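Before any comments, here is the structure.
The values are calculated or read from the model by the stated rules, or taken from the named source; none is laboratory data. Just so we're clear, the structure is a prediction, and the values are computed from it rather than from any experiment. Here the Cβ positions follow ideal geometry from the backbone for every residue, glycine too, while neighbour counts run over all protein chains shown. Calculation scope for accessible area: heavy atoms of the full protein, side chains included, ligands and nucleic acids excluded. Shrake-Rupley method; radii C 1.70, N 1.55, O 1.52, S 1.80 Å.
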Amino acid sequence: VTDPDFVMSEYESWKNKYVVQSGAGACVSRPQQGNDCVSEGLGYGMLLSATLDDQDLFDQLWSFTQYVMDEKGLPNWDLTTTGDVIGAGSATDADLDIALGLIIASTKWTDSSSSYLSDAKTMISSIMANDLDYSDTLMSLPGDSWGAPYPYNPSYFSPAHMELFQQVSGDDRWLSAITAGYTFLNNSCAKKSLAKSGLVPDWSASLSDCTAGNNIIIWDQDNGADYYYDAIRTPWRLALHAAWKCDPSALSWTTNMANFFQQKGVHGILQGFDMQGNSLGGQDNTCFISTSATAMVPGTDVDTVNEWWQATKGTYDQSGLYFCDTLRLLSLTFQAGLMTYPQL
């Protein structure tokens, strides 16, 4: 699939809809949630703007991110459009994406006086110090301000990012973090879910059996036990590792996901599954279709890739949710072959 003109058109529409200018720079707003900005959106925006060669927006997003850093050198997760803190502490998925965005930027704009790579190294060091679980296996934590017992979010596991972080920083603990993530998926989540479905839950209260429980994740459906609005990021994060590095574990997981989603069909994805593969119902949904499509990229045939590409192109979130629109754009960018491995 190669349709950069379509992706760029969708990117411009996305910017017009969600990017808000601020004295501190710019942020990606959530119109349906009080027009706040979250660090997750900053991470997605920096990945997109760096990948699609939009240095002006990238610099504005990075300026805002720096303005809202906490005392640990990571951005607070929930903010007003002027940078006031609504929710303190970082979110690990955002921290990882922001650091990757800086690495991509350092390879795109090499004649710039900006210190993208050194900024990336500083942030990578802060992530390693504050966002990983040193009590056990270097698993990714929810953020830099969580106390035990920690819940774990499989969709925060970003092995492609981590491999680049090791290359940039020289810190081999990132390789241990990759091993920890795949061990969790292979030894815990794979046993919990329908055999070879690739399904993971939104959250897990345990590293041993990939399950929710004890009401630790009280804000999510079924305490985070289902493949739902968090878990849907997992196909993209693992597909990135499969596409960039041909990692065997990533290829195995994305192949299982692709097979499961193909079996269900585009119109059978709806709005998620329990761990036994039973549908949670609902209707065709931008979030779920677009992220499922990313699993097709590393290892399926051209016709299948094109089928899911067309499905992603043709599915819109009519309610205008920032989250689903943004995941769709990330998926389109990845599917179109524009999200390539950064050549350091």
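Shape summary of region 229-344, radius of gyration then Dmax from alpha carbon positions: 13.3, 44 Å.
Solvent-accessible area of the chain (1.4 angstrom probe, protein heavy atoms only): carbon and sulfur portion equals 46 percent. Taking all Cα-Cα distances within region 231-289, those exceeding 18 Å account for 35%.
Legend: calculated FRET efficiency, ASP171 to ASN259, from the Cβ-Cβ distance at R0 = 56 Å, rounded to 0.05, equals 0.95.
Using Cα-Cα distances under 8 Å and only pairs 6 or more residues apart, what relative contact order does the chain have, in percent? Averaging sequence separation for qualifying contacts and normalising by length gives 15 percent for the chain.
For the chain, the list of Cys residues with no other Cys C-beta under 4.7 Å reads CYS246. For region 28-72, the solvent-accessible area works out to 34 Å² per residue, with a probe of 1.4 Å and every protein chain left in place. Heavy atoms of the protein chains alone define the surface here; on that basis region 196-344 has 37 Å² accessible area per residue at 1.4 Å probe size. Let me know the volume per residue of the alpha-carbon convex hull for the chain, in Å³. Normalising the Cα hull of the chain by residue number yields 122 Å³. Within region 131-193, the ratio Rg/Rh, alpha carbon atoms throughout and Rh by Kirkwood, equals 0.97. Report note on the peptides 246-253, 28-35, 121-128: ranked by the mean count of other C-beta atoms within 10 Å, highest first, their order is 121-128, 246-253, 28-35. Figure legend: label point modelled 7 angstrom from the Cα of SER13 along Cα→Cβ; residues of region 296-317 with amide N under 12 Å from it are 313-317. Packing here is the average count of other Cβ atoms within 10 Å per residue, and on that basis the peptides 79-86, 60-67, 44-51, highest first, run 44-51, 60-67, 79-86. Using Cα-only point scatterers and the Debye equation, what is log10 of I(q)/I(0) for region 1-54 at each q in 0.14, 0.31 Å⁻¹, rounded to two decimals? Summing over Cα pairs of region 1-54 leads to -0.39, -1.32. Sorted on the mean count of surrounding Cβ atoms within 10 Å across their residues, most packed first, peptides 300-308, 197-205, 165-173 read 197-205, 165-173, 300-308.
In angstrom, the C-alpha Rg and Dmax of region 1-130 are 14.1, 43. Each listed q (0.21, 0.24, 0.25, 0.28 Å⁻¹) maps to a log10 I(q)/I(0) for region 44-111, found by the Debye formula over equal Cα scatterers with no solvent: -0.84, -1.03, -1.09, -1.24. Beyond 30 Å in Cα-Cα separation lie the following of the pairs LYS17/LYS191; LYS245/LYS313; LYS121/LYS245: LYS17/LYS191.
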